[in-house]
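See structure below.
Here, each number is a calculation from the coordinates, and none is a lab measurement. Here the structure is a predicted model, which is why all the values come from computation and not from measurement. Cβ coordinates were reconstructed from backbone atoms using ideal geometry, including for glycine residues, and neighbour counts include every protein chain displayed.
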Amino acid sequence: MNKPDVIEKFLRYVKIDTQSDDTTGTSPSTMKQHNLAKLLRDELLKIGASDVVYDEEHCYVYASIPSNSEGCEGPKMGFVSHMDTSDEVSGENVNPRIVESYKGDDIKLDAEGKYVLSPSNFPELLNHVGEDLIVTDGSTLLGADDKAGVAEIMTMAETLLKNPEIKHGEIRIAFTPDEEIGEGTAFFDLKQFDADYAFTVDGGKLGELEYENFNAAGATVKVNGRSVHPGDAKNRMLNASLIAFEFQGLLPVFQNPMYTEKREGFFHLTEINGSTESCVSQYIIRDHDEALFEEKKSMFLAAADFLNRKYGRGTVEVTIKDQYKNMIEKIRPHIHLVDNAKKVMESLDIVPIDVPIRGGTDGATLSYKGLPCPNLCTGGYNYHGRYEYASIQEMRKVVDILLGIVDIYKDKI
């Protein structure tokens, strides 16, 4: 089999800065995402993909691999990954390197040893002894979320196109912008994509198979204070920053990402900027259970109401915007997607791992738009930070998973 190397693609893609930005109000949120989109368009054309479409306005890339056998009568299967990376840590000038045959010791990322990837902080590392790991130099994130998925889908596509003896049905591919800010499907063209079912390739540990996720909302808390000279402030000053702290104090202490796991929801303060006169806080609200999710939003509003009764109407302004819903209700009627993905993994001696996503993917929104879309692993770890890494062996196995899913769906279901 003529099988291209997923790692060569990945190492090229991560060097292209594609961080999204939720403050711009544009789509895509950053123009630099177009740089990767154009590259992927050109590569898809070069390898012989069909129906290659690059949305020059909104930065989506679509392509097709036509069926190569009249006997392949299965559904049109789609694979989706996102091109943008998180803005939590810089994604500019990513300098990846490979740690060959990892020994289970500390990995010094930078020359000075300021940033160390250690099993003492990341015990999962010990599961990779003997594997080759791709790490950062400590100054940036790696970008495996989700350029690992992009590289794996591109490798699958090139493998099918270079090996016509592999019989398959029609395959659809899409790469999206702005997933990290919850806008990955804002302008996704389902008609152009034209798939019956799809998988996002946007997970982590090898074997992870995700088909339920958080219900999610973003929230802004604006506190309108009153600045007065501190020498004359008694009964006159309203310190907006202190009131913002008080708002946080009204939320349940242990419903916080620091203390939650699995299906436990949370309130997460992601950013705060303020002074005496004004303070703005950004939150995300998450819960797998819809009733508990609604309860959290009500609790959030109740905290604002309490402070407005205490300090005066209009002191605290809250805006809550729903972002995505738990996909499980849309996956259950098409559970064959999960069952068949598990069969493929087991045939490759990979243990399937059912994991509720403590986050979301494009697949959640796509599922609610009518395209059932569970999420597959990529072999990446410690996303959104400078300690991010990826396993070369796992990434190559993910390509095998994708090829296995293509094979299992070449026939009618």
Next on the checklist: Nearest 500 deg cm²/dmol is fine: what mean residue ellipticity at 222 nm does the chain get from its DSSP H runs of n ≥ 4 alone, each adding -39,500 (n - 2.57), divided by its residue count?
Outcome noted: -9000 deg cm²/dmol
Item to check | Cβ crowding within 10 Å averaged over residues, with 277-288, 20-31, 398-409 ranked highest first | outcome: 398-409, 277-288, 20-31
Next on the checklist: As an exercise, use a Förster radius of 25 Å and the Cβ-Cβ distance of Asn2 and Asp411 to find the FRET efficiency, rounded to the nearest 0.05.
Outcome noted: 0.55
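Mind scanning Lys38/Lys147; Lys15/Lys191; Lys3/Lys147 and naming the pairs with a C-alpha gap bigger than 22 Å?
In this structure, Lys15/Lys191 lie more than 22 Å apart at Cα.
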Item to check | Nearby aspartates and glutamates by direct alpha-carbon distance to Lys114 (threshold 17 angstrom, same-chain neighbours under 8 apart not counted) | outcome: Asp105, Asp106, Asp137, Glu388
Checklist outcome for this item: Output row, site Glu100, 7 Å Cα→C-beta label point, backbone N cut-off 16 Å, window the stretch 385-410, residues 392-393
Checklist entry - Each residue of the stretch 139-154 in order: what ³J(HN,Hα) in whole Hz does its phi give by Karplus 6.51 cos²θ - 1.76 cosθ + 1.60, θ = phi - 60°, with x for Gly and Pro? => result 9, 9, 6, 8, x, 4, 9, 9, 6, 5, x, 4, 5, 5, 5, 5
Next on the checklist: If you take mean projected area of the Cα convex hull in nm² from the coordinates, which of (i) 22.1; (ii) 18.6; (iii) 20.1 do you get?
Outcome noted: (i)
Item to check | Taking the stretch 280-413 and dividing mean pair separation by its residue count, relative contact order in percent (alpha carbons under 8 Å, at least six apart) | outcome: 19
Next on the checklist: What distance in nm separates the two pseudo spin-label positions at Asn308 and Thr23, each 7 Å out from Cα along the beta-carbon direction?
Outcome noted: 2.7
Checklist entry - To the nearest 10 degrees, how steeply does helix 290-311 sit against the main Cα axis of the chain, on a 0 to 90 scale? => result 20
Next on the checklist: Give the aspartates and glutamates reachable from Lys343 as a straight Cα distance under 18 Å; neighbours fewer than 8 places away on the same chain don't count.
Outcome noted: Glu208, Glu210, Asp354, Glu394, Asp400, Asp407, Asp411
Checklist entry - Hey, what angle do you get for helix 33-47 against the long axis of the chain, alpha-carbon based, 0 to 90 degrees rounded to 10? => result 10
Checklist entry - Cα to Cα, under 19 Å, and not fewer than 8 places away if on the same chain: which aspartates and glutamates meet these conditions relative to Lys222? => result Asp22, Glu246, Glu271, Glu277, Asp305, Glu317, Asp322
Checklist outcome for this item: To the nearest 0.05, the calculated FRET efficiency linking Lys167 and Asp339 through their beta-carbon distance, R0 being 22 Å, is 0.50
Checklist entry - Once you charge only the Cβ atoms, +1 for Lys and Arg and -1 for Asp and Glu, what is the size of the charge dipole of the chain about its Cα centre, to the nearest 20 debye? => result 840
Checklist outcome for this item: Percent antiparallel among DSSP beta bridges confined to the chain, nearest 5, equals 75
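Once the Cβ-Cβ distance between Lys114 and Met258 is put in as r, and R0 is 30 Å, what FRET efficiency do you end up with, to the nearest 0.05?
Values: r = 24 Å, r/R0 = 0.78.
Given R0 = 30 Å and the Cβ-Cβ separation, E is 0.80.
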Item to check | GNM flexibility winner over the chain from Val61, Val351, Val338 (Cα, springs under 10 Å) | outcome: Val351
Next on the checklist: I'd like the distance between the alpha-carbon centres of the stretch 337-372 and the stretch 191-252, rounded to an integer number of Å.
Outcome noted: 27
